[in-house]
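Report on the following structure.
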Amino acid sequence: MSPHAAQQIQPGEVWFVDFEPVRGREQGKDRPALVVSSAFHLAVTLGQLVTVLPLTSVERAGWAHRVHVAAGGGWVITEQVRTVSAQRLRRQARNIVLSDGELAEVRRVLAQMLTVIDTRQ
């Protein structure tokens, strides 16, 4: 059972996640991350695994695939999709809430990053 079961992690929420240890160019530290797991994924894994995208406060000029978040003043790092144990989620970042438009843009970029449908036709 997830340590956050009582809080019910939901898709689209932002949580502080402990990303240590890291390898290579992965984002580390305790930082906010957007939950991109579907409700189906959360149910199938019994809330024990959560797919997230880390956020950063550092803007990278020319990195059009990163999505700006007005609340909290950061960017979603869409190229670093990570599935982590729910035990890595420390607390919900209630002050960082993505707008419907920001969430739609994250979904659009993720669809480009991941092959979730057969595009060879």
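The values are calculated or read from the model by the stated rules, or taken from the named source; none is laboratory data. As the structure is a computational prediction, the values presented were derived from the model and not from experiment. Cβ coordinates were reconstructed from backbone atoms using ideal geometry, including for glycine residues, and neighbour counts include every protein chain displayed. Remember, those area values only see protein heavy atoms, side chains included, never the ligands or the DNA or RNA. Shrake-Rupley method; radii C 1.70, N 1.55, O 1.52, S 1.80 Å.
At a glance:
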quantity: Criterion violated by Thr45 - all others in (1) farther than 17 Å from Glu20 by Cα; (2) open to solvent by 40 Å² or more (accessible area, probe 1.4 Å); (3) not charged (D, E, K, R) satisfied; calculated: (2)
quantity: Hits in the stretch 70-102 (condition: closer than 18 Å to Ser38 by Cβ and among the charged types (D, E, K, R)); calculated: Arg82, Asp100, Glu102
quantity: Positions within the stretch 67-79 being open to solvent by 20 Å² or more (accessible area, probe 1.4 Å) and either at pLDDT 90 or above or assigned to a strand (DSSP E or B) (or both), in sequence order; calculated: His68, Ala70, Trp75, Glu79
quantity: Candidates Arg94, Arg82 - the one that is exposed (fewer than 14 other Cβ atoms within 10 Å of the Cβ) and either modelled with pLDDT of 90 or more or under 13 Å from the mean Cα position of the chain (by Cα) (or both); calculated: Arg94
quantity: Test for Thr51: is it in a loop (DSSP other than H, G, I, E, B) and crowded, with 18+ Cβ neighbours inside 10 Å; calculated: no
quantity: Lone qualifier among Trp75, Trp63 - being of a type outside the set (Lys, Arg) and under 15 Å from Gly12 (Cα atoms); calculated: Trp75
